Amino acid sequence: MREQVKTYLLQTGLFLATIVTTTLAGMYWMGIPEFTWHHFQKGFLFSLPFLGILTIHEFGHYITARLYKVSVTLPYYIPFYLPFIETIGTMGAFIRIKDPLKTKTEIFDIGVAGPLAGFIAALFVLYYGFTHLPPQEYVLNIHKEYKVYGLDYEKHVYNYAFSRQLDSSMTDDYNKHNPDSKITWKPQEEYMNIAIGKNLLFLFFEKYIANQPERIPNKYEMFHYPFLFAGYLALFFTALNLLPMGQLDGGHVIYGLFGEKKHKIISSSVFIIFVYLAGIGMFRDNLIGNVFGSADNMMMFAPLYLLFLYFIFGRVSEDWKNNLMIASGVFAAQYFTELLFPAFEGFNGWFLFAILIGRFLGIHHPPALYNEPLTLKRKIIGWISLFIFIICFTPNIFTIEIFRQ
């Protein structure tokens, strides 16, 4: 009983901490400059819909497991926040299933319930966000440096000249308020700007749901719209959980639909494609330097990166030679993609999930004790969930764009 109370207290504490961290993250993305209670309350516009969707997702799993009389914990939330750094306030949440799942039906139902429930909740949040867009002046109130250009700011601010001018102004302002400062401003060779990617569902909402399309923010400013950003992140987590590999929710779906042997083939193939997309851009932008046109950089980079890929693929096959061949093939495919299609970009952040899946969660699915086929109704739901994965998946979640002189 005492251990159970400790667990409940831990879960409650993590939940409350995650409310705080996601609210602080919401303040950051909404461009709120300083902390006050009033400003903190504004952060709820992001944290409540975002955590609400996340909670509905987890309780989809939880309630379905309880219906099957499977022992399961309440959600454990993972707060994560670093001041002045781009975080979303959490690394998600999870429940722990204590009993073994005996049938494919149990595995399928518990696995698919979470992302379906979260997806439906995300649709409501996105619908509200796209039908209640603030006036175009909303961005000017966040970026006061845009006001000199009025509503025509998009033609002037996303370039090297504006970034350089803003950098100089910020240094002058700092020196003005700190008389002892001896900072001498020097222009940087390049400036960065962050933007979000798009998925098919987001594009659908932009084209067909937004009742005032002129108010739709561009990819650089979407972060400042809390309902849109919360919905976008919810689609990201939905797609992440529905990745058809391993023991993710999507892995449970394809295991139920196709069985153990085909799951192994599908899961391994999707994992290879996933890592391929994650690594596009590594040859141009890495700690050693751009390898194109530099033999020295390539000589240093190639063995380290190939070893890294081999580490990720180390459990795809029981034969190390097969894993090395897969790593070499992905290495070559990424190299030639960057060489031949330099505008195509991946998302290196996927590597974190690739390591988690490839080395810890596992790419393959353990067999069920009872291998009965799914009903037609469940097969239809399974195909619908795979369709949801396709329309929610964004190959490049965040884009770092470089402005050079």
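Rundown of residues vs (1) buried (at least 21 other Cβ atoms within 10 Å of the Cβ); (2) at pLDDT 90 or above; (3) assigned to a loop (DSSP other than H, G, I, E, B), yes/no style:
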| site | (1), (2), (3) |
| --- | --- |
| LEU82 | no, no, yes |
| PRO100 | no, no, yes |
| THR105 | no, yes, no |
| ASP109 | yes, yes, no |
| VAL112 | yes, yes, no |
| ALA122 | yes, yes, no |
| VAL125 | yes, yes, no |
| LEU133 | no, yes, yes |
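Candidates THR131, THR90: the one that is within 30 Å of PRO366 (Cα to Cα) and not basic (Lys, Arg) is THR90. Of the residues making up the stretch 293-340, those that are surrounded by 15 or more Cβ atoms within 10 Å (Cβ to Cβ) and among the charged types (D, E, K, R) are ARG315, GLU338.
Taking THR18 and the conditions (1) in contact (Cβ under 8 Å) with a residue 24 or more places away in the chain; (2) not in a helix (DSSP H, G or I), which numbered condition does it fall short on, given that it satisfies the others? Failed condition: (2).
Residues in the stretch 59-73 that are of a type outside the set (Phe, Trp, Tyr) and either surrounded by 15 or more Cβ atoms within 10 Å (Cβ to Cβ) or part of a helix (DSSP H, G or I) (or both): GLY60, HIS61, ILE63, THR64, ALA65, ARG66, LEU67, VAL70, VAL72, THR73. If we scan the stretch 369-387, do we find a residue that is surrounded by 14 or more Cβ atoms within 10 Å (Cβ to Cβ), within 16 Å of LEU240 (Cβ to Cβ), modelled with pLDDT of 85 or more and among the hydrophobic types (A, V, I, L, M, F, W, C)? Scanning the stretch 369-387 turns up at least one residue that is surrounded by 14 or more Cβ atoms within 10 Å (Cβ to Cβ), within 16 Å of LEU240 (Cβ to Cβ), modelled with pLDDT of 85 or more and among the hydrophobic types (A, V, I, L, M, F, W, C). For the stretch 373-389, residues that are among the aliphatic types (A, V, I, L, M) and either touching a Leu at 6+ places or on another chain (Cβ under 7 Å) or in a loop (DSSP other than H, G, I, E, B) (or both) total 2. What residue, of PHE301, PHE274, is touching a Leu at 6+ places or on another chain (Cβ under 8 Å), aromatic (Phe, Trp, Tyr) and either modelled with pLDDT of 90 or more or over 30 Å from LEU101 (Cβ atoms) (or both)? Just a single option satisfies the conditions, and that option is PHE274.
The values are calculated or read from the model by the stated rules, or taken from the named source; none is laboratory data. In this text the structure is predicted, and so the values were computed from the model without any measurement. Counting neighbours? That spans all protein chains shown, and the Cβs are built from the backbone with ideal geometry, glycine included.
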